[in-house]
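One structure is given below, encoded as structure tokens.
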Amino acid sequence: APAAAPHRPARPALPARPARVAAGAPGPVPGNAMLVTELPVPRRGSGAPFTVNDQLMVATALTVADWNRAHGAPDRPLRITMPVDDRTRGPEMPIGNGTRLVEVGFTAAETDGSDVPALLRRTAERTRALKAQPRPQLGHAARLLTLPALPVAVRAGLTRGLRRLAAPWTSTTLLSNIGRVPHPLDFGDAGQATAVWFSAPARMPRGLTVTTASTGGRLHLVLRWSRSLLGDDDGVRLRELFAHHLKATEVQ
């Protein structure tokens, strides 16, 4: 009998390029647009193994997947950037930006919406694992670019070049959940705030970002997008999709 072929270890598969948000009907006005709305905070069953943040993550993934399918985009895995704040919440909480960025991945098959409870469980497992991993605040690349070994002008040029090279591999979208505001915001003679809107004033290489905060049982949702990618009617449709999928995460 012929000798068996020598065993060769399989080469590790290269990571697939993440999906982009499909273009809608952009208008003639350049710049960015923003839509703010209010939704009920999604309910969770007693002892649910996932958090409200996991529900928001699943709703974001299903919204983008639905939008892309409706616009004929090819099925690709999604990657959603999520800030994580590891600071303690007591009086010793350090002041400043204590967040670090992680990416939550979803396969194309997972985002067909056929089994939301299973997707919630898997998402909770992924977010817990990512939060447990030590990582530089803005990632390894950002740490290298902020080292004072090079002049500022050189670092700025490197940053622009790396941004262009990394653009096809940038995550699909950004979900920034500020979390619950546990107390009313008092503005003195102007009174107390009855609603809180948050939106990060940052560049949008992804074309679409989702920001949320909650107070008093209400979820404040901000969609922000590039007008070169989406129009105002597209923003309204994305809000409707998000509200629909967020409601679907209210499993018992």
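The values are calculated or read from the model by the stated rules, or taken from the named source; none is laboratory data. The model shown is predicted, which means the values in this text are computed figures rather than measured ones. The protein model used for the area step is the full one, side chains on, heavy atoms only, and it has no ligands, DNA or RNA in it. Shrake-Rupley method; radii C 1.70, N 1.55, O 1.52, S 1.80 Å.
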Original post:
Leaving out ligands, DNA and RNA, what percent of the accessible area of region 202-252 is carbon and sulfur, probe 1.4 Å?
Top reply: 46
Original post:
Each residue of region 114-130 in turn: what ³J(HN,Hα) in whole Hz from Karplus with 6.51, -1.76, 1.60 and θ = phi - 60°, glycine and Pro shown as x?
Top reply: 7, 9, 5, x, 5, 5, 4, 5, 5, 5, 4, 5, 5, 5, 5, 5, 5
Original post:
Between rounded, prolate and oblate, where does region 24-67 land on the alpha carbon gyration tensor, with a ≥ b ≥ c its root eigenvalues, rounded for a/c under 1.5, else prolate if a/b exceeds b/c?
Top reply: prolate
